[in-house]
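Some notes on the structure that comes next.
Every number in this text was worked out from the coordinates using simple rules, so none of it is lab data. Predicted model, so just to flag it, every value in this text is computed and none were measured. Here the Cβ positions follow ideal geometry from the backbone for every residue, glycine too, while neighbour counts run over all protein chains shown.
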Amino acid sequence: MHDFKPFNAGLTQVLTQLAYAKHRQLLLLSGEQSWCYIYAQHLLNQLSNSTINVLSKSTKLTTSSWPEHTHQILGQEFEHAIYDGFSGILPDKLAALSGTVKAGGLLILLLPELGQLKNWCDPALTYFQSYDQNQPISFFNQRLARLLEHKSALHFSQRNGWKPMQKYALQPGVIDLTEQQYCIEQIIKVANGRANRPLLINADRGRGKSSALGFAAAQLTTKKIVICAQQFAALHSCYKHLSQQLGLTHNKTDKQLANLHFFAPDQLLHELPKCDVLFVDEAASIPVPMLIKMLAHYPRVVFASTMIGYEGNGRGYTLKFNRYLELHYKNMRSIELKHPIRFAAHDPLEEQISTLLALNAHYEETNLDSAELKFNELSSAQLISDEGLLQQIVSLLSLAHYQNSVNDLRHLLDAPSQRIFVAQQQTNIIAVCLVTLEGGLTTAISEQIVAGKRRPQGHLMAQTLAQLSADPATAEKRCARVVRIAVSPSQHNKHLGSQLLTYSQGKLTPECDYFGASFGANATLLKFWQNNGFKLIKLGFQKDKATAEHSALVVKSLINDPLVQLLEQQFQSDFALQLFDQFQTLDQRLIEVIIEQYQNQDINTDYIKRLIPLLNTDFQLFTIKPILWRIFWQSPQSLKNCDEHTKYLFIRLILQNWSLEKAQSTLQISGKKTLTKQFKQAVINWYDTFSHSRTS
């Protein structure tokens with residue numbers, strides 16, 4: 001029999017204190033799995049009158065579930081929550097669950113005894129390892145155990161019993177609504193005020209940004225409001241407060257309530273519904289190009305975002321989108337909600353989770369001084385033994401990248417195939433390059449990859465090379481793929497990224513055959529990789545949901561293998577025809593950068609003989625397009641020295657086969673005659689450049 005009395009007594013006291021302080025707390029239950037389940041179930045029975053979310057794969061805990069996606073957890077509120085670590089420690093899920101706990105509540109974490117975490121077989125460990133890797137040691141769990149030992153969390157251990165919380169300074173909890181009220185006023189001001197004055201709201205979880213949207217909507221009943229978000233479930237708080245303010249009943253599946261109508265981002269931009277004001281919640285999870293399109297169509301927009309990793313946001317969103325708004329909308333406003341309203345300030349659980357998962361990592365900008373700049377390789381063991389160093393790495397990666405996840409921390413520490421290269425000045429990290437090693441697969445697996453029957457986890461570049469070459473032996477070779485490269489914002493345009501790539505390549509050359517990277521392609525990024533000697537061999541047909549960009553794969557050979565050159569030629573040959581179809585809407589600046597790598601060929605003189613007489617007539621697009629297309633792809637460098645408008649029209653109308661109507665609509669040119677005149681002038685401009693290059 002288990003003696004629950006000491007546990008019950010300590011728990012009752014803690015819950016009373018938390019309710020008084022309007023705080024939340026982490027409760028660690030550690031011991032054997034069966035013991036933890038018994039006490040967790042006891043808790044569920046004791047708190048049966050409370051709402052409790054249980055994340056577990058085990059059926060031994062009542063009402064347990066294990067959502068596949070983090071967004072299925074968000075947008076909800078519970079009095080308490082249980083996370084079953086024996087089902088696997090996934091930082092994204094743990095962080096998201098913590099954000100759903102209300103004031104006065106507990107987040108109960110089930111784990112083995114902390115001293116056993118180093119050698120514990122965590123079911124989630126394989127999630128962070130590539131195929132055919134079985135490293136049993138988790139550096140993430142080692143760090144977790146060390147921090148939990150020193151955290152002021154509640155701890156009930158099978159071995160050591162109840163560890164009470166440190167003495168609470170029992171102050172009554174106060175919820176400060178001043179910031180939120182100001183936020184509501186600013187939202188209403190956008191709806192009723194002048195056009196083109198967007199509002200940007202940033203906040204950590206629990207600060208009331210979503211509820212502020214609901215309160216504001218309730219005061220704007222005469223306005224038609226469209227609310228846009230990646231996940232409808234995340235808008236629960238907004239709809240709840242709107243229904244309460246208006247005294248309406250709301251079914252959680254209803255996407256329209258009173259004057260508020262929900263549209264997903266893709267649907268919004270496709271249908272462009274009319275409204276008086278557009279609310280965009282969790283804007284940081286929507287690609288910036290899509291946000292810019294929303295701004296272009298809707299004159300009154302409010303953007304709200306939770307600036308913390310488990311919403312799928314990178315701090316790169318803040319920098320990139322803020323810069324765009326400040327540049328193009330001089331009267332834009334920005335608000336940051338700092339004070340929590342779901343719980344009182346200085347909440348223990350928020351501080352505990354932020355520390356455990358490095359959510360509070362902040363990068364301190366430094367200016368290069370006279371000290372020597374050094375390049376080094378770091379290991380996971382070094383990172384967990386130096387928390388300051390780890391915080392710098394995590395914060396720089398978060399600052400520089402658009403799409404981040406709390407799971408990135410565990411990938412950083414527990415992916416054995418990953419190599420970490422840095423540029424540093426004294427103790428300051430200036431740049432980071434994360435590289436994952438791939439390939440070295442067996443012949444049997446490689447043959448299955450080429451046949452399209454296998455996609456082994458963590459070998460993206462190796463399997464792509466094998467499939468493009470139709471040669472299984474390619475996947476048996478070793479590859480190094482850059483997962484992420486980040487440079488301190490103050491050190492941009494100083495070639496530090498290129499220097500770090502060169503250093504990384506030197507370290508990897510003895511053990512790898514190919515060096516490459518996969519990324520959301522835009523003109524600037526592709527140019528960077530091309531300038532560093534990488535060749536574009538693939539461009540994904542579908543846009544990435546996170547970046548709204550096509551995924552590019554660039555590679556260079558470290559062994560003078562002609563394969564990369566062959567694959568580049570294959571891509572270039574196919575790309576000319578794919579511009580008619582899969583890439584018909586591809587950004588023309590990206591197309592320019594791709595075409596710059598093409599080589600001129602011997603031109604068929606018969607084509608020139610056909611073209612010249614046409615140029616002396618009142619030619620139309622459909623009559624001259626075929627011959628222009630043929631000549632261009634024999635002389636792709638002919639576009640290089642043309643003016644920007646000529647490049648744009650030539651790419652859109654000739655290479656991408658746009659109609660005059662589509663180009664006219666996109667360019668917002670009034671009158672087909674005007675565009676036709678511009679097109680004819682563009683052809684003349686191109687031909688002048690083309691002729692000059694042939695005679696010079």
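When the Cα centres of region 50-103 and region 196-237 are compared, how far apart do they sit, in Å?
Between the Cα centre of region 50-103 and that of region 196-237, the gap is 25 Å.
Once you keep just the Cα pairs under 8 angstrom separated by 6 or more residues, what percentage relative contact order results for the chain?
Relative contact order of the chain: 10 percent.
Straight distance only, please: which aspartates and glutamates reach the Cα of LYS22 with their own Cα at less than 16 Å, same-chain residues fewer than 8 apart left out?
Straight-line reach from LYS22, under 16 Å: GLU77, GLU79, ASP176, ASP347, GLU350, GLU351.
As a check on your grasp of the helix formula, calculate [θ] at 222 nm for the chain: sum -39500 (n - 2.57) over DSSP H runs of n ≥ 4, divide by the residue count, round to the nearest 500. Mind showing how you got there, number by number?
Working: 26 runs with 286 residues, N = 696.
-12500 deg cm²/dmol, from helical runs alone.
What FRET efficiency do you get for ALA523 and LYS5 if R0 is 60 Å and r is their Cβ-Cβ distance, rounded to the nearest 0.05?
For R0 = 60 Å, the calculated efficiency reads 0.30.
Whole-Hz Karplus ³J(HN,Hα) for region 214-229, in order, using 6.51 cos²θ - 1.76 cosθ + 1.60 and θ = phi - 60°, x for Gly and Pro?
x, 4, 5, 4, 5, 9, 10, 4, 8, 9, 8, 10, 9, 10, 10, 7
Rank LEU639, ILE669, ILE654 by how far each Cα sits towards the positive end of the charge dipole of region 605-695 (+1 on Lys, Arg Cβ; -1 on Asp, Glu Cβ) and give me just the farthest.
ILE654
Using Cα-Cα distances under 8 Å and only pairs 6 or more residues apart, what relative contact order does region 346-469 have, in percent?
23 percent
Calculate, in nm to one decimal, what TRP35 and SER379 gain on full extension: separation in residues at 0.36 nm each, minus their alpha carbon distance.
So the chain would gain 120.3 nm between TRP35 and SER379.
Can you give the angle from 0 to 90° between the axis of helix 387-400 and the longest principal axis of the chain, with both taken from C-alpha atoms, to the nearest 10?
Relative to the chain, helix 387-400 is tipped by roughly 40 degrees.
Starting from the Cα of LYS5, draw a straight line to each of the lysines and keep only those under 20 Å, dropping any in the same chain fewer than 8 residues away.
Filter leaves LYS163.
Rounded, prolate or oblate, given the Cα gyration tensor of the chain, with a/c below 1.5 counting as rounded?
oblate
What's the FRET efficiency of GLU661 with ASP471 using the Cβ-Cβ distance as r and R₀ = 51 Å, to the nearest 0.05?
Between GLU661 and ASP471 the formula returns 0.70.
Could you list, in their original order, any pairs among LYS102/LYS209; LYS189/LYS274; LYS57/LYS252 whose Cα atoms are separated by more than 21 Å? Can you show the working numbers first?
Numbers: LYS102/LYS209 16 Å; LYS189/LYS274 19 Å; LYS57/LYS252 25 Å.
From the list (LYS102/LYS209; LYS189/LYS274; LYS57/LYS252), the Cα-Cα distance tops 21 Å for LYS57/LYS252.
Determine the dipole magnitude for region 178-337: charges of +1 sit on the beta-carbon of Lys and Arg, -1 on that of Asp and Glu, nothing else is charged, the reference point is the Cα centre, and the result goes in debye to the nearest 20.
Dipole magnitude for region 178-337 comes out near 340 debye.
Going out from 0 in 10 Å bins, what whole percent of all Cα-Cα distances in region 605-695 drops into each bin?
16, 55, 26, 3
How far is the Cα center of region 397-467 from the Cα center of region 504-553, in Å?
Taking the Cα centre of each part, region 397-467 and region 504-553 sit 13 Å apart.
For the Cα atoms of the chain, what angle does the longest principal axis make with the long axis of helix 139-150, in degrees from 0 to 90, nearest 10?
40 degrees
Hey, rough spin-label estimate for ALA444 and GLU511, points 7 angstrom out along Cα→Cβ, what's it come to in nanometres?
2.6 nm
Among LEU558, ALA217, ILE537, pick out the residue whose Cα is farthest towards the positive end of the charge dipole of the chain, where Lys and Arg carry +1 and Asp and Glu carry -1 on C-beta, about the Cα centre.
Highest projection toward the positive end goes to ALA217.
Want the number for SER50 to ALA451: 0.36 nm per residue separation, take away the alpha-carbon distance, what's left?
139.0 nm
For region 130-148 and region 259-280, what is the centre-to-centre distance using only Cα atoms, to the nearest Å?
Using only Cα atoms to place each centre, the spacing works out to 44 Å.
Under the classification rounded if a/c is under 1.5, otherwise prolate if a/b is larger than b/c and oblate if not, where does region 512-564 fall, given a ≥ b ≥ c as square roots of the Cα gyration tensor eigenvalues?
prolate
Given the C-alpha atoms of region 5-163, compute the convex hull and give its volume per residue in Å³.
Measuring per residue, one finds 112 Å³ for the Cα hull of region 5-163.
By per-residue mean of other Cβ atoms within 10 Å, what is the highest-first order of 506-519, 21-34?
Result, highest mean Cβ count within 10 Å first: 21-34, 506-519.
Put +1 on the Cβ of each Lys and Arg and -1 on the Cβ of each Asp and Glu in region 136-245; which of GLN181, GLY208, ALA153 then has its Cα farthest toward the positive end of the dipole?
Going by the Cα projections, it comes out as ALA153.
Just how large is the dipole of region 5-163 about the Cα centre, in debye to the nearest 20, putting +1 at every Lys and Arg Cβ and -1 at every Asp and Glu Cβ?
Here the size comes out at about 460 debye.
Tell me, what is the FRET efficiency for GLN171 and SER490 to the nearest 0.05, using R0 = 45 angstrom and their Cβ-Cβ distance as r?
E(calc), rounded to 0.05, equals 0.65.
Can you give the Kirkwood hydrodynamic radius of region 178-337 from its Cα pairs, in Å with one decimal? Walk me through the numbers before you get to the answer.
Numbers: mean 1/r = 0.0649 Å⁻¹.
Evaluated over region 178-337, this radius sits at 15.4 Å.
Sort region 245-394 into rounded, prolate or oblate with this rule: let a ≥ b ≥ c be the square roots of the eigenvalues of the Cα gyration tensor; rounded if a/c is under 1.5, and if a/c is not under 1.5, prolate when a/b is larger than b/c, oblate otherwise.
Verdict is prolate for region 245-394.
In 5 Å bins starting at 0, how do the alpha-carbon pair distances of region 100-247 split up by percent?
Pairs per bin, as whole percents: 1, 7, 11, 13, 11, 9, 9, 11, 10, 8, 6, 2, 0, 0.
Over the alpha-carbon set of region 508-625, work out the extent along each principal axis and list the three values in angstrom, largest first.
61, 35, 20
Semi-axes, largest first, in whole Å: what does sqrt of 5 times each Cα gyration tensor eigenvalue give for region 373-595?
Equivalent ellipsoid semi-axes, largest first: 29, 21, 16 Å.
Sort 634-645, 257-268 for me by packing, meaning the mean count of neighbouring Cβ atoms within 10 Å per residue, highest on top.
Going by the mean number of other Cβ atoms within 10 Å, highest first, we get 257-268, 634-645.
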